[in-house]
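Notes for the one structure printed next.
The values are calculated or read from the model by the stated rules, or taken from the named source; none is laboratory data. Since the structure is predicted, the reported quantities are computational estimates derived from the model, not experimental observations. Here Cβ is always computed from backbone atoms with ideal geometry, including for glycine, and neighbour counts include all displayed protein chains. The protein model used for the area step is the full one, side chains on, heavy atoms only, and it has no ligands, DNA or RNA in it. Shrake-Rupley method; radii C 1.70, N 1.55, O 1.52, S 1.80 Å.
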Amino acid sequence: MVNKIKSMKAIQYLVISFVLFCVACNNSTENKNEQKETETNNMKAGITEKPFGTFEQKPVTEYTISNANGMQVSAINYGGAVTKIITPDKNGTMGDVVTGFESLDGFLQKGVPYFGALIGRYGNRIGKAKFTLDGKTYTLPANNSGNSLHGGDKGFDKVYWNIDKQGDSSLKLTYQSKDGEQGYPGNLNVEVIYTLTADNSLKIDYTATTDKATPVNLTNHSYFNLSAGKDSTILNHELELNADNYTPADDLLIPTGKIATVKGGLMDFTTPKMIGKDLESVNAGFGKRGFDHNWVLNKSGNALEKAAALYEPNSGRYMEVYTTEPGIQFYSGNFLDGTLTNTKNGQKYVKNGALCLETQHFPDSPNQPTFPNTILKPGETYKQTTIYKFSVKK
Ligand code: BGC
């Protein structure tokens, strides 16, 4: 009898344990599903498309790449321009950190200073709008006080780029620049890939090939204000540049050919410095005060290395710039004057309202034999990679 009771208790115990085990199993599956559901809800990763206008009878689309953290990067066919970069601040609140317009009409108004655009065939200035290559002198549009700026009157910022989606985090932009276009020799095939990575970086990969020797210097002209519209200027941003030297320039911003040290001077950003600190003491050419210079990055060769870091103390947003290029143009938005219309959320882009960090070869290199080479020859492939990585510091 005692044995019978004992074995019944054992069975009861086993049944209860089994039931408890099953409940536990079920719960944990439910939890996992819940977690997955929440993850899926948060994960809006992928690419969406929105009509943005029409240019030269072709539809302009705004493509938006989103990653699992909710960061977004948008770009359009016109100029291959980056139209939005939406990143979290230190409290997780999302905000757009680049300048731009509500629609294509904004981009087409007179005097848009290359907002977000791809720049080419030659980023920055070529002195006297001329260069000589293999004994032949080429004349370019003199669109900037007798010099040629950012590829001429109709540079790559004002042309239609084809865009193809690649997977759910990249856009491939292509443009074929014709032999003789804006005075430059050779048919140039250009490909640019914008990728939004899982670690909140916008990675830009550029490649180009040509059928005649030609200067090539490609960059992106995004204007950043890491306060995302909360602060009307970038004067309180802190900037660090990994550059012990810069290329001094004349009053029209053509380099003298010298490489000068920044150490201890107004151009010294080797440790983080508030942009407003020395801005009014610096001659930015054209009778302006501010920064509009090319810094010589501390690197040899074309490895991908850190070039700059930008920090906005109130939002906590921090942006690092990595590049394969030898130089970076830090432009403090000296020509912005608050007159552009059709801007995103009606914002006024006032003087020093945003800044550019344009990774590049040095200005006027085709006329400066001591600067790193910018001539691309048939059979070679031009390559440049730049990363803008976003995070926060608390
Ligand atoms: C140049 C500035 C120019 C600006 C156009 C910059 O890359 O260095 O001088 O005014 O582009 O917005």
Exercise for the section: Considering the options PHE107, MET94, ASN67, tell which one lies farthest towards the positive end of the dipole of the stretch 61-138, charges being +1 on Lys and Arg and -1 on Asp and Glu at the Cβ, about the Cα centre. Expected result: PHE107
Exercise for the section: With runs of 4+ DSSP H residues as the only contributors, calculate the mean residue ellipticity of the chain at 222 nm using -39,500 (n - 2.57) per run, divided by the residue total and rounded to the nearest 500. Expected result: -4000 deg cm²/dmol
Completion exercise
Counting only protein heavy atoms with a 1.4 Å probe and every protein chain in place, the carbon and sulfur fraction of the accessible surface of the chain in whole percent equals 52 percent
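Please get the size of the charge dipole for the chain, origin at its Cα centre, with Cβ charges of +1 on Lys and Arg and -1 on Asp and Glu, quoted in debye to the nearest 20.
Numbers: 41 positive and 40 negative charges, 168 e Å.
Computed charge dipole of the chain: roughly 800 debye.
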Exercise for the section: With +1 on each Lys and Arg Cβ and -1 on each Asp and Glu Cβ, and nothing else charged, work out how big the dipole of the stretch 212-326 is about its Cα centre, in Debye to the nearest 20. Expected result: 140 debye
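Hey, which of these cross-link pairs are over 24 Å Cα-Cα: LYS158/LYS299; LYS130/LYS158; LYS110/LYS277; LYS110/LYS348; LYS128/LYS288? Don't jump to the answer; show the numbers that get you there.
Numbers: LYS158/LYS299 32 Å; LYS130/LYS158 21 Å; LYS110/LYS277 32 Å; LYS110/LYS348 16 Å; LYS128/LYS288 21 Å.
Beyond 24 Å between Cα atoms: LYS158/LYS299; LYS110/LYS277.
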Practice task
Would you work out the relative contact order for the stretch 247-370, in percent, from Cα pairs under 8 angstrom that are 6 or more residues apart?
Solution key: 21 percent
Handout entry: Selected from ASN302, THR341, TYR318, residue furthest toward positive end of dipole (the stretch 276-358; charges at beta carbon)
Key = THR341
Exercise for the section: Please name whichever of TYR122, GLY155, GLN166 sits farthest to the positive end of the charge dipole of the chain, dipole taken about the Cα centre and charges placed at Cβ: Lys and Arg +1, Asp and Glu -1. Expected result: GLN166
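Ordering LYS230, LYS351 from largest to smallest accessible area (1.4 angstrom probe), what's the sequence? Please report the intermediate quantities before stating the final value.
Working: LYS230 170, LYS351 75 Å².
Sorted by accessible area, descending: LYS230, LYS351.
In the stretch 91-180, what trypsin sites (Lys or Arg not before Pro) fall in a loop by DSSP, with at most 13 other Cβ atoms inside 10 Å?
LYS110, LYS154, LYS178
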Completion exercise
Calc'd 3J(HN,Hα), the stretch 345-362, phi into Karplus 6.51 cos²θ - 1.76 cosθ + 1.60 (θ = phi - 60°), Hz, glycine/Pro = x, comes to 6, x, 5, 9, 8, 7, 3, 6, x, 7, 9, 10, 10, 9, 6, 6, 7, 5
Handout entry: Zone of ASP250's modelled label, taken as backbone nitrogen in the stretch 263-286 under 17 Å from a point 7 Å along Cα→Cβ
Key = 284-286
Fill in the blank from the handout: Computed ³J(HN,Hα) along the stretch 370-383: with the Karplus parameters 6.51/-1.76/1.60, θ = phi - 60°, integer Hz and x for glycine or proline, the list is 8, 7, x, 5, 10, 8, 9, 10, x, x, 9, 10, 6, 9
Practice task
For the chain, with a Gaussian network of springs between Cα atoms less than 10 Å apart, report the residue from GLU305, GLU320, GLU380 with the top mean-square fluctuation.
Solution key: GLU380
Fill in the blank from the handout: Karplus-derived 3J(HN,Hα) from phi for the stretch 277-282 (6.51 cos²θ - 1.76 cosθ + 1.60, θ = phi - 60°), whole Hz, x at Gly and Pro, runs 4, 10, 3, 6, 8, 9
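Roughly how large, in nm² to one decimal, is the mean projection of the convex hull of the alpha-carbon atoms in the chain?
Values: hull surface 104.8 nm².
That works out to 26.2 nm², a quarter of the Cα hull's surface.
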Exercise for the section: Could you work out how far apart the two model spin labels at ALA45 and GLU102 are, taking each label as a point 7 Å from the Cα in the direction of the beta carbon, and quote it in nm? Expected result: 3.5 nm
Handout entry: Within the stretch 259-394: Cβ-based charge dipole about Cα centre, in debye rounded to nearest 20 (Lys, Arg +1; Asp, Glu -1)
Key = 440 debye
Problem - Greater than 19 Å apart at Cα, pairs in LYS84/LYS273; LYS273/LYS393; LYS306/LYS389; LYS154/LYS344; LYS90/LYS203 - result: LYS84/LYS273; LYS154/LYS344; LYS90/LYS203
